[in-house]
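Notes to accompany the following structure.
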Amino acid sequence: MKISKYIVSAFAVVLTLVACDSYLDKGPEENLSIEETFTERAYVERWLYNIYSGMPIEMNFHRDEYRNPFVGGSDEMEVTSGTASCNLINSSSISSVNEFGIWGQTAYFTRKCNLFLEHIHLTPLEESEREEWIGEVHFMRAFYNFLSLRVYGPIPKYDKALNISADFKQIERASFDEIVEFIVEDCDKAISALPSRREFNYYGRATAAAAYALKSRVLLYAASPLYNGNPAYASVKSTSGKPLFSDYSKEKWARAAQAAKECIDFCEGHLPETTAEYRLYESPTNDPMKTAQELFTNNWNDEVLFAVNVGVNLLFEQCVDPVSTQGFSMYAPTQQIVDAYRMIDGEMPFETDAEGNVSYDENGNPRIVSAQYTETGFAKSASPDGWYPANVSNMYVGREPRFYAHINYCGATWKGVSLQMWSTGLDGIKTAGANHSKTGYLLRKFADEGAVTGSATPILSNRSWIFFRLGEIYLNYAEALNEAEDNPSQDVYDYLNAIRKRGGIPEITGTHTQNQMRILIRQERRIELAFETHRYFDVRRWKIAETTDNGPLYGMNINTGTSQFDPVFYKRTVIENRKFNERNYLFPINKDEIEKVPNIVQNLGY
């Protein structure tokens, strides 16, 4: 596919437009100025592809270079590696000298976007193609600014490319709202210039649908409690004295709801300028468990609004595989996320707190409230729909379909093997050694059951990572509309119920207060969007991370058990005590960046 050309072109741009190790190695094209470069279509096309090369590979959760410490840095996953980048987040050890460099990385690619926009008029192109390329770069500039905004809060507004003669002492952070408007303006420009969909050979390039989706998400974030009238940030100002955060405005929720609805209407073909006809994905089998699997293994299905083509990803497949299928057992869902999945009747199995999260007593036990749930005994027979085999713990029986699509647990069948997570089992700590799951669970969502990872010649499929999909926008709309109104309107019920119905659980009926609906929406986001790099940012923008990301993290008792039927294994056990304080809502800015631009104000607490 053409997107694979991006990776090749990324290296080509570095070689042709930057420098070589030796002057004698240079080709004639390497002495071109920026202006001369933009007079050659081939070079400019490489430049465009290189702009895409800066997107993070969020499918890999543990290395700095992939720039996704967020899944393992939330309460939904423990990465079984002492060197995983997320450990800095979980121990509250992140600082201005060891943060992940997202500030500099996004600024680097923002500058590439600005150089492109400032010089593309020099390139010999058909005007329609020029406008489309410009639209792509406006989207990518918005995307990179969002990646930085979501971790640091306010950032400088780079709307033009700086050169070495620029006065860097004049640069300071723009307000949060100013950057939001900058991103929205870029999205609007992209929407007017880009096609609603791409043909097969151009999958991975920006579309109007992607721009609508990014606009929806950034406005949802802007309306949320962390940024919208947060009293903790009321005194935060730039060097020149400008407030970096605004007072509360309920209108921000209404604007976020409007942006989400516009995205939905555009994507589903309800607006006159589109025939895109995106839709919520549903498996041809009509099995909600298969739907939840295939949504991420059937690349570029009709729900996908923007994704990056990853290609074959041996590392990811190894990290989700257990030792019994020659994997690393590295991506381990927590007991907190396991307990958050509902029963098939749509009810929570456990008592929840005021925010809708499962409550645990001092011994790590939740209070069971569902008559359908028990933690004693084992299934006498397999699920008739094939969701779980016989003999699994009753803890895993009768759960909602997405549980079986997202989580591998002790006794589950994976690649024809029954997983043995207890201490002396094939996948247990005494047998597997370092390659054991720290929680007694493994990630199943996104994984390709047909992948063969343990041979000298692995068998792998091309994969993609979804940044935006229609299901998220449904939930964005439901949340924003619920907050914008005093009582939930019918649209809140309808769009939330569409996700629940697709997920295989009953629709919500009756009348709910705004707060009751808020809890239901947040619970739905937690399950529907699990492991998709949303939970980390959701609990922060809702300002509940002091509860969710602070204190004991639970798993099964992996240090015990002699068989699948040994009850001592199925006991919630503290696997880690995580730390969180108020400063952790935002990342620190790297001290090297502040030394380069001295008027950048550091985030609170660092």
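Here, each number is a calculation from the coordinates, and none is a lab measurement. Predicted, not measured: the structure shown is a model, and the values here were computed from it. Positions of Cβ are backbone-derived with ideal geometry, glycine not excepted, and every protein chain shown enters the neighbour counts.
Points worth noting:
- Over segment 184-286, equivalent-ellipsoid semi-axes from the Cα gyration tensor in Å: 34, 16, 12
- Once the Kirkwood radius over Cα pairs is known for segment 57-139, the Stokes-Einstein relation at 25 °C and 0.890 mPa s delivers a diffusion coefficient of 160 µm²/s.
- Taking Cα centre as origin and charging only the Cβ of basic (Lys, Arg, +1) and acidic (Asp, Glu, -1) residues, the dipole magnitude of segment 516-577 rounds to 280 debye.
- In sequence order, calculated HN-Hα J values of segment 63-68 (Karplus, 6.51, -1.76, 1.60; Hz; x Gly/Pro): 10, 3, 5, 8, 6, 9
- Sequence of 310, 568 once ranked by neighbouring C-beta atoms within 10 Å, starting from the fewest: 568, 310
- Projecting the Cα atoms of 211, 176, 194 onto the dipole axis of segment 106-249, where Lys and Arg carry +1 and Asp and Glu carry -1 at the beta carbon, places 176 farthest toward the positive end.
- Taken along its three principal axes, the alpha carbon spread of segment 448-527 comes to 60, 23, 16 Å, from the longest extent down to the shortest.
- Local charge for residue 137 was computed over the other residues whose Cβ lies under 15 Å away, with Lys and Arg +1 and Asp and Glu -1, and equals -2.
- Between 0 and 90 degrees, the angle of helix 208-223 with respect to the longest Cα principal axis of the chain falls at about 70 degrees.
- Debye, to nearest 20: dipole size of the chain, +1 on Lys, Arg Cβ, -1 on Asp, Glu Cβ: 1080
- In terms of other Cβ atoms within 10 Å, 263, 319 run from fewest to most in the order 319, 263.
- Within segment 284-436, all pairs of alpha-carbon atoms sorted by distance into 10 Å bins from zero give the percentages 10, 32, 36, 20, 2.
- Mean shadow area of segment 199-259, taken as a quarter of the surface of its Cα convex hull (nm²): 6.0
- Stokes-Einstein D for the chain, Kirkwood Rh over Cα pairs, 4 °C, 1.567 mPa s (µm²/s): 51
- Spherically averaged projected area in nm², based on the convex hull that wraps the Cα atoms of segment 106-228: 8.5
- Footprinting exposure proxy for 417, 397 (fewest neighbouring C-beta atoms within 10 Å first): 417, 397
- Placing unit charges on each Cβ (+1 for Lys and Arg, -1 for Asp and Glu) gives the chain a dipole about its Cα centre, and among 363, 443, 245 the Cα reaching farthest toward its positive end belongs to 363.
- Axis of helix 102-119 versus longest Cα principal axis of the chain: the two differ by about 40°, to the nearest ten degrees.
- Gain in span if fully extended, residue 507 to residue 164, counting 0.36 nm per residue against the direct Cα distance: 117.6 nm
- Inter-part distance where segment 411-471 and segment 188-264 are each reduced to a Cα centre, Å: 35
- For residue 597, the shell of other residues with beta-carbons less than 12 Å away shows a net charge of -1, using +1 for Lys and Arg and -1 for Asp and Glu.
- The simple spin-label model puts a point 7 Å past each Cα toward its Cβ; for residue 489 and residue 381 those points are separated by 4.8 nm.
- Amide proton proximity set for residue 561, modelled H, under 5 Å, gap of 5+: 423
- Only Lys, Arg, Asp and Glu carry charge here, each on its Cβ (+1 for the first two, -1 for the last two); on that basis segment 406-492 has a dipole of about 820 debye about its Cα centre.
- Cα radius of gyration and Dmax for segment 508-606 (Å): 19.9, 62
- Modelled this way, with points 7 Å down the Cα-to-C-beta line, the labels at residue 249 and residue 562 are 6.7 nm from one another.
- A simple spin-label model places pseudo-atoms 7 Å from Cα toward Cβ; at residue 279 and residue 604 they are separated by 4.7 nm.
- Once the Cα-Cα distance is subtracted from the 0.36 nm per residue extended length, the residue 452 to residue 394 segment shows a gain of 17.9 nm.
- Within the shell of other residues whose beta carbon sits under 12 angstrom from the beta carbon of residue 215, the net charge comes to -1, with Lys and Arg scored +1 and Asp and Glu -1.
- Translational diffusion of segment 342-415 was estimated from the Stokes-Einstein equation, with Rh taken as the Kirkwood radius over Cα pairs; at 10 °C and 1.306 mPa s the coefficient is 120 µm²/s.
- In the chain, helical runs assigned H by DSSP with n ≥ 4 each contribute -39500 (n - 2.57); averaged across all residues and rounded to the nearest 500, the mean residue ellipticity at 222 nm is -11000 deg cm²/dmol.
- In degrees, nearest ten, helix 470-484 long axis to first principal axis of the chain (Cα): 90
- Inverse of mean 1/r across different Cα pairs in segment 479-520, Kirkwood, Å: 10.4
- Subtracting the Cα-Cα distance of residue 242 and residue 430 from their residue separation scaled by 0.36 nm leaves 61.9 nm.
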